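Contents: one structure, followed by commentary.
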Amino acid sequence: MNDFIKYLQKKGLTQSTQEAYLRNVNNFFDWYKCEAIATEKKDILKYLEYLKNNKKQQNITRKNSLIALHHYFEFLRENQQISANPTNLLKIRGTKKKQLYNIFTADELTQLADDYYNNFVKNFDENHIPKNQRQNSHLTRNRNYLMLTFLVYQGLHTNELQEISIEDIDYLKATVKIKGSKKTNERKLILRPEQIGFLMHYLQNIRPQFLENYNIENNNLFLSLPEVS
């Protein structure tokens, strides 16, 4: 099995994964009692049934055994000891795991926006930034905070932010129109009171600097700095 271990090492697998694969392969041959080169697909299927019925293993555990065996027989195939890998096209059903995500509460999202404002807008120390980059930093941090509020308070996707134009803002009714797409309908969303003051600051002071300093000409609410070639 030393050559097999070297094969796994070349794959960049961790020590613990190598040991697990080796253990699963040894378990198979303890059950099989035959030469590796004689193994057929039907033997692998019988072994998987044995693990299910006799060892009472769950699907995910049997899947790990199948993966280990696939590596082993692929190692034999690459070394021309067998002509085909008997584990090819074999799968264990019912092993897909649901991906769980940590979901922020409304209060946590509000705190996130507040922290960004306090740390990167109101109390940000620019002394560590080169003087010739400070204006860019100031503009982008203010823009990013306003974008963050739309993500937090209106629940927008980032691609929806890019589609908002100046005309989509209704200042009298304090709403923003979000254009429809193939998956969503057009809708109007209420702006939060804590957004409106900073939105006016952005429109009167930040966005005009983007337009003037970087010769940007469009009606997008959120502007990007031009790429430096």
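The values are calculated or read from the model by the stated rules, or taken from the named source; none is laboratory data. Everything numeric in this text was worked out from a predicted model, so none of it was measured. Note that each Cβ is placed from the backbone with ideal geometry, even for glycine, and that neighbours are counted across all protein chains shown. When the accessible area is computed, the model is the full protein with side chains, heavy atoms only, and any ligands, DNA or RNA have been set aside. Shrake-Rupley method; radii C 1.70, N 1.55, O 1.52, S 1.80 Å.
Below, the figures for the structure above:
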read-out: Positions within region 139-169 being hydrophobic (A, V, I, L, M, F, W, C) and touching a residue at least 12 places away in the same chain (Cβ under 8 Å), in sequence order; value: Leu139, Leu146, Met147, Leu148, Phe150, Val152, Leu156, Leu161, Ile164, Ile166, Ile169
read-out: Restricting region 86-144 to residues that are of a type in the set (Ser, Thr, Tyr) and surrounded by 12 or more Cβ atoms within 10 Å (Cβ to Cβ), the residue that is modelled with the lowest pLDDT; value: Thr95
read-out: Meets criteria (in contact (Cβ under 8 Å) with a residue 40 or more places away in the chain, out of contact with any Phe, Trp or Tyr (no Cβ under 9 Å at 6 or more places or on another chain) and in a loop (DSSP other than H, G, I, E, B)) for Ile82; value: no
read-out: Options Lys42, Lys56, Lys52, Lys46: the member that is part of a loop (DSSP other than H, G, I, E, B), open to solvent by 90 Å² or more (accessible area, probe 1.4 Å) and more than 16 Å from Tyr72 (Cα to Cα); value: Lys56
read-out: Pair list, Cβ under 9 Å, 6 or more apart: region 5-19 residue hydroxyl-bearing (Ser, Thr, Tyr), other residue in a helix (DSSP H, G or I) and open to solvent by less than 80 Å² (accessible area, probe 1.4 Å); value: Tyr7/His71; Tyr7/Tyr72; Tyr7/Glu74; Tyr7/Phe75; Thr17/Leu8
read-out: Per-region count, region 160-188, residues farther than 18 Å from Glu217 by Cα and open to solvent by 40 Å² or more (accessible area, probe 1.4 Å); value: 15
